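In what follows, a structure is listed as structure tokens, so that the remarks can point back to it.
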Amino acid sequence: MRILLTGGAGFIGSHIAEAYLAAGHDVLIVDNLATGRRSNVPAGATLHEVDIHSREVERIFADFRPEIVNHHAAQASVKVSTGDPVHDLEVNGGGTARIGLLAAQNGARKVIYASSGGTVYGEPTELPVPESHTLAPVSPYGLSKLIGEQYLQLWHRTHGLDYTVLRYSNAFGPRQDPHGEAGVVAIFTGLMLNKQQCTIDGDGEQKKDYCYVGDIARANVLALETGSGAALNIGTGQGTTVNQIFAALHEATGNAIPARNGPPRPGDVRNFWLDIRAAKDVLGWSPEVSFDEGIRRTVASYA
Ligand SMILES: NC(=O)c1ccc[n+]([C@@H]2O[C@H](COP(=O)([O-])OP(=O)(O)OC[C@H]3O[C@@H](n4cnc5c(N)ncnc54)[C@H](O)[C@@H]3O)[C@@H](O)[C@H]2O)c1
């Protein structure tokens, strides 16, 4: 299949590019390298270093005529979204509106879209959080990702474009930027391998859903053929505490420096994990890489 993948030079997108190439597909990447890296792009994929809002993208769609559009390009930081909500809306909401419309206008069969299970629901009223949970984001980022979902629904109604929305929990694994604000696994791994001390926010007993990036990439492969018109949670269905992450990395890196506890992060949701039964029913997907195995692979890749 001809697949146009936006954000393919980023953390998650580069794993999807690898998985699509391994399955024998033709992969063209659109990425402006805002946070992505040329070195993340696997051999065999073609990178066009352009912005999703540029005129150049129109020509790329017309020339390549993708059968599938996989949209991962985004402003992916909650913190940045709070500082500049309009920029966040333009990249994520406006960007998804544009990419979806170009897909429809150029004859693509389907868009696969990276949404955010950790932010589109807002404060959870039940755990694990099912897809039917109220959609009430508490950050500009959560809202802009949700608006992206709604644009795909709109292009379906008006243009017949098919889509699958994948709502990820917290991804972790090789190539995650250890300098970013998100990604406690990457941050701690970077610090520990550099023999530095980690700071745990609050008491470290806050529990979130951490999914290995290779499992996320596999969901994107399955979504090529299944998941029509669905929005599906992609996570592990379980919570892992920051203290557990610290202990696992302590062991995997051999760093013996104890952590210090800092103040709790203001506004942080304490407990959050996703109900992943629908992804199993609809895509035939469930996570295969255990947390400990994911940690081993992550540390090996950074070392
Ligand atoms: N990392 C997570 O835990 C997580 C969780 C839920 C959803 N997501 C979503 O998954 C996707 C990938 O996230 P990631 O963690 O790999 O982040 P990332 O920053 O590594 O990847 C985003 C990519 O998009 C590119 N990009 C940004 N703005 C662009 C623009 N205007 N034009 C072209 N390219 C642009 C960046 O250069 C980068 O390569 C995003 O859509 C994000 O919202 C991530």
Nearest 5 is fine: what % of DSSP beta bridges in the chain come out antiparallel, could you say?
5
Hey, could you pull the Cα Rg and Dmax for the stretch 146-270, both in Å?
18.0, 58
What does a probe at Ala23 reach in the stretch 220-245, counting residues whose amide N is under 19 Å from the point 7 Å along Cα→Cβ?
220-235
Modelling each spin label as a point 7 Å along the Cα-to-Cβ direction, I'd like the Gln153/Asp63 distance in nm, to one decimal.
3.6
If you place +1 on the Cβ of every Lys and Arg, -1 on the Cβ of every Asp and Glu, and leave all else neutral, what size is the dipole of the stretch 146-303 about its Cα centre, to the nearest 20 Debye?
160
For the stretch 15-88, what is the charge dipole size about the Cα centre, in debye to the nearest 20, if Lys and Arg each add +1 at the Cβ and Asp and Glu each add -1 at the Cβ?
140
Which percent of the accessible area of the stretch 73-145 is formed by carbon and sulfur heavy atoms (probe 1.4 angstrom)?
60
Whole-Å distance linking the alpha carbon centroid of the stretch 258-303 with that of the stretch 50-92 is 26
Whole-Å semi-axes of the ellipsoid equivalent to the chain (Cα gyration tensor, √5λ, descending)
31, 21, 18
Want the number for Tyr302 to Glu205: 0.36 nm per residue separation, take away the alpha-carbon distance, what's left?
32.3 nm
Can you tally the net charge around Ser115? Count Lys and Arg as +1, Asp and Glu as -1, for every other residue whose Cβ sits under 9 Å from the Cβ of Ser115.
+1
Using per-residue counts of other Cβ atoms within 10 Å, averaged over each peptide, order 234-240, 104-110, 194-200 from highest down.
234-240, 104-110, 194-200
Which residue, Leu135, Gln150, Val120, has the largest displacement toward the positive end of the dipole of the stretch 114-185 when charges sit on each Cβ (Lys, Arg +1; Asp, Glu -1)?
Gln150
Result for the chain: accessible area per residue, probe 1.4 angstrom, in square angstrom, of 43
Computed about the Cα centre, the charge dipole of the chain from +1 Lys/Arg and -1 Asp/Glu charges at the Cβ has a magnitude in debye, to the nearest 20, of 260
Net charge over other residues, Cβ less than 11 angstrom from the Cβ of Ala252 (K, R count +1; D, E count -1)
-1
Between beta-carbons, use under 14 Å as the cut-off and find the net charge around Met192, counting Lys and Arg +1, Asp and Glu -1.
+2
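The values are calculated or read from the model by the stated rules, or taken from the named source; none is laboratory data. Owing to the predicted nature of the structure, the values given are computational and were not obtained by experimental measurement. Neighbour counts run over all protein chains shown; Cβ positions are idealised from the backbone, glycine included. Just so you know, the surface numbers come from the protein's heavy atoms only, side chains and all, with ligands and any DNA or RNA stripped out. Shrake-Rupley method; radii C 1.70, N 1.55, O 1.52, S 1.80 Å.
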